[in-house]
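Here's the structure we're looking at; comments come further down.
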Amino acid sequence: MPRKAKAESKLAILGGPKAVPDGLVKPWPPIDDTDRKMVLASLEGTNHAFGPNCKAFQEEFAAWNGNRFAIFTNSGTAALHMALVACGVGAGDHVLVPAYSWSSSATCVIHHNAIPIFVDIDFDTVNMDVAQIEAAITPRTKAIIAVHLHGLAMDMDRLLAVARKHNLKVVEDACQAHGALFHGKKTGTMGDCAAFSFNQNKCLCSGEGGMFVVDDEEMRNVAAQLWNFGETRTPLESRDYHAYALGWMYRGADLAAAFGRAQLQKLDGYIKIQRENAAVLNRKLQGVRGLILPTEPKGFTHNWYNYTSRIDMAAIGWTGDPARMRDAIMKALQAEGVGAGVWQRFILPRMTVFQAKNAYGHGSPWAENDALDVDYNPDRFPMAEKHTQTHFGMTVPLRAPNRADVADRVAEAFHKVFENVSRLDPEAILAQAAKK
Ligand SMILES: Cc1ncc(COP(=O)(O)O)c(C=O)c1O
């Protein structure tokens, strides 16, 4: 039941007190003596490129996630590119990608001169709509990028059934999904191979960084060549400096690996806290009028990387531009001290790199692959569009070391803003914000 608006709950954006006091929300990630010791030991060592911490991090992460092999990269994007090549994707092949994700879930396809084909999302889960996959498959389709967005796994049973029927490889984009489960199985263990990100804001942070994971040794070796100048040996081995294949330089650095290793020791504890904090929000925000809470269907275990809600415009009686009202509500939440934000304002097919179909000049890779007629019309992805206009999310308030006291205050702020939503004048709020 929605609670009654309290007299003292004057919105902070209208001059009232903040629901979340300054200094209460602690930054991510927490740093302790384990981080300090391991990073300092790397600094004082002699291998600053791909060094012993990188090798150990690969082994420890593979063991943590349950993969045979792991390769430490300088980004999740690098790991995605490696994954496509390990799956045998080549120039001109079609790769299915959800219409809503981080840009590099799709640009990694162009990195190998292949062609991204977008599939709309399922509005409830915000993941690729599996029911729409078959209609997007062409004779040139080679792989699917299964993005486990915001830490909610895709329905891998249904996805793998379609993929196997059409002989397609599945790359898991688990960049946001460390420790998320589908029927008890960890993301990154269900498809043919997977990519994780360790960028600053991810559930496991090494500053920047990523991990390619796989069980098949041949695929591991193909990915390893791409990762390291086309060579077959790492800087820890005796190299012949020969490019056996086209390679990039995707290796991670020892300092980042030392930081990542220290954080990995605490990862299970972090994810547990995220789940506890999300449970507080899920409980306290039930029934808030106008708020569509994130879902966690039966059989799925979220990691709550990003607590993303949508606004039901009809329920709050708003008939104007949904994105304007969403932005105004977000400003009101921010004024209350809630670190809410809009993650993506554009669905992927709307981004200029796809609309222009000219990544490398001369229309490449679409022109030479007879793919200029691939349809990136945003109207074909109505659920992704609706999501981008109405969503907002949060990461840090749910992260360790923040606990239930923070989640309580955040829930208080949501109640305050949504119960007073009729007092918000989006045009005035956004005009004021634009002046700042
Ligand atoms: C879903 C998804 N895929 C891929 C990436 C790329 O990871 P990185 O920034 O480490 O390259 C990100 C990072 O934000 C992401 O969220």
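The values are calculated or read from the model by the stated rules, or taken from the named source; none is laboratory data. Model, not experiment: these values are computed from the prediction. Using ideal geometry, Cβ is built from the backbone for each residue, glycine included, and neighbour counts are taken over all protein chains shown. Heavy atoms of the whole protein, side chains included, go into the accessibility calculation; ligands, DNA and RNA do not. Shrake-Rupley method; radii C 1.70, N 1.55, O 1.52, S 1.80 Å.
Overview of values
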item: Kirkwood hydrodynamic radius (C-alpha pairs) into Stokes-Einstein, the range 214-277, 20 °C and 1.002 mPa s, D in µm²/s; result: 152
item: Mean ellipticity per residue at 222 nm, deg cm²/dmol - from DSSP H runs of n ≥ 4 across the chain, formula -39500 (n - 2.57); result: -10500 deg cm²/dmol
item: Equivalent ellipsoid, the range 270-362 (semi-axes from 5 times Cα gyration tensor eigenvalues, Å); result: 29, 21, 13
item: Alpha carbon Rg of the range 358-404, scaled by the compact-globule rule 2.2 N^0.38 Å; result: 2.04
item: Net lengthening on full extension, Arg158/His242 (0.36 nm per residue, minus Cα-Cα); result: 26.0 nm
item: Folded to 0 to 90 degrees: helix 267-284 orientation relative to the chain principal axis, Cα; result: 30
item: Equivalent ellipsoid, the range 331-436 (semi-axes from 5 times Cα gyration tensor eigenvalues, Å); result: 39, 18, 13
item: In degrees, nearest ten, helix 76-86 long axis to first principal axis of the chain (Cα); result: 40
item: Cα-only radius of gyration and Dmax that characterise the chain, units Å; result: 22.5, 74
item: Part-to-part distance (alpha-carbon centres) for the range 214-280 and the range 11-78, which is given in Å; result: 14
item: Gain upon complete extension [Ala323, Lys55; 0.36 nm per residue less C-alpha separation]; result: 91.9 nm
item: Extension reserve of the Gln355-Gln265 stretch, reckoned as 0.36 nm per residue once the Cα distance is removed; result: 28.1 nm
item: Degrees between helix 426-435 axis and first principal axis of the chain (Cα, 0 to 90, nearest 10); result: 60
item: Ordering of 166-177, 104-115 by packing [mean C-beta count within 10 Å, highest first]; result: 166-177, 104-115
item: Percent breakdown of C-alpha pair distances by 5 Å bin, ordered from the shortest bin, for the range 16-158; result: 2, 8, 13, 14, 15, 13, 11, 10, 8, 5, 2, 0, 0
item: 5 Å-binned pair-distance histogram of the range 120-198 (Cα, whole percent); result: 3, 17, 29, 26, 17, 7, 1, 0
item: Accessible carbon and sulfur surface of the range 1-156 relative to its total accessible area, %, 1.4 Å; result: 57
item: Residue among Thr187, Leu398, Leu372 farthest towards the positive dipole end of the chain, charges placed on Cβ; result: Leu398
item: Isotropic mean projected area of the C-alpha convex hull, the range 67-118 (nm²); result: 3.8
item: Proximal lysines to Lys298, defined as alpha-carbon separation beneath 22 angstrom and excluding residues fewer than eight positions away on the same chain; result: Lys185, Lys186, Lys272, Lys284
item: Descending semi-axes in Å of the range 93-146, equivalent ellipsoid built from Cα gyration tensor; result: 18, 14, 6
item: Volume in Å³ per residue [convex hull over Cα atoms, computed for the range 15-75]; result: 171
